[in-house]
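Asks: Encoded as structure tokens, here's the structure I'll be asking about.
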Amino acid sequence: MSDLNGLLEPGSLVRHPDQPDWGIGQVQSNIGDRITVNFREVGKVVIDGSRVSLLPVFDE
């Protein structure tokens with residue numbers, strides 16, 4: 001999907017493009033296409049980076 005997913009590091013802030021109600025999440029790990037993100041509203045979620053392009057958040 002997005003080459004930006006490969007740039008996400010632990011601590012990066014992101015939003016899920018299809019789940020805006022999840023709020024902002026913090027990347028916990030990014031290994032291969034598996035990105036683990038801890039979202040404020042739903043907790044820890046493992047995202048398939050080959051299917052979802054997470055949106056970086058720079059203004060929090």
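Asks: How many of the residues making up region 17-51 are touching a Ser or Thr at 6+ places or on another chain (Cβ under 8 Å), loosely packed, with under 13 Cβ neighbours inside 10 Å and of a type in the set (A, V, I, L, M, F, W, C)?
Replies: 1
Asks: Could we say that residue 30 is more than 17 Å from residue 59 (Cβ to Cβ), in contact with a Gly (Cβ under 8 Å, 6 or more places away or on another chain) and touching a residue at least 24 places away in the same chain (Cβ under 8 Å) here?
Replies: Here the answer is yes, as residue 30 does meet what is asked.
Asks: Also: Show the residue pairs that are 6+ apart or on different chains and have beta-carbon atoms under 6 Å apart, the first residue being within region 39-51 and under 13 Å from residue 14 (Cβ atoms), the second being surrounded by 11 or more Cβ atoms within 10 Å (Cβ to Cβ) and modelled with pLDDT under 95.
Replies: 49/5; 49/33
Asks: So which residues in region 1-11 are outside any loop (DSSP other than H, G, I, E, B) and either surrounded by fewer than 11 Cβ atoms within 10 Å (Cβ to Cβ) or at pLDDT 95 or above (or both)?
Replies: If the condition is that a residue be outside any loop (DSSP other than H, G, I, E, B) and either surrounded by fewer than 11 Cβ atoms within 10 Å (Cβ to Cβ) or at pLDDT 95 or above (or both), then 3, 7 are the ones that fit.
Asks: Next up: Looking only at residues that are more than 10 Å from the chain's Cα centre (by Cα) and assigned to a loop (DSSP other than H, G, I, E, B) in region 39-60, which one is modelled with the lowest pLDDT?
Replies: Looking at the filtered set, the residue picked out is 60.
Asks: Same structure again: In this structure, does residue 14 turn out to be buried (at least 16 other Cβ atoms within 10 Å of the Cβ), outside any helix (DSSP H, G or I) and touching a residue at least 40 places away in the same chain (Cβ under 8 Å)?
Replies: In short, yes.
Asks: Would you be able to say whether some residue in region 29-38 is among the hydroxyl-bearing types (Ser, Thr, Tyr) and outside any loop (DSSP other than H, G, I, E, B)?
Replies: Looking through region 29-38, at least one residue is among the hydroxyl-bearing types (Ser, Thr, Tyr) and outside any loop (DSSP other than H, G, I, E, B).
Yes or no, residue by residue, for (1) in contact with a helix residue (DSSP H, G or I) (Cβ under 8 Å, 6 or more places away or on another chain); (2) among the hydrophobic types (A, V, I, L, M, F, W, C):
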position	(1), (2)
4	no, yes
25	no, no
40	yes, no
44	no, no
47	no, yes
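The values are calculated or read from the model by the stated rules, or taken from the named source; none is laboratory data. On a predicted model such as this, the values are computed, not experimentally measured, just so you know. Neighbour counts are summed over all protein chains in view; Cβ atoms, including those assigned to glycine, are modelled from backbone coordinates with ideal geometry.
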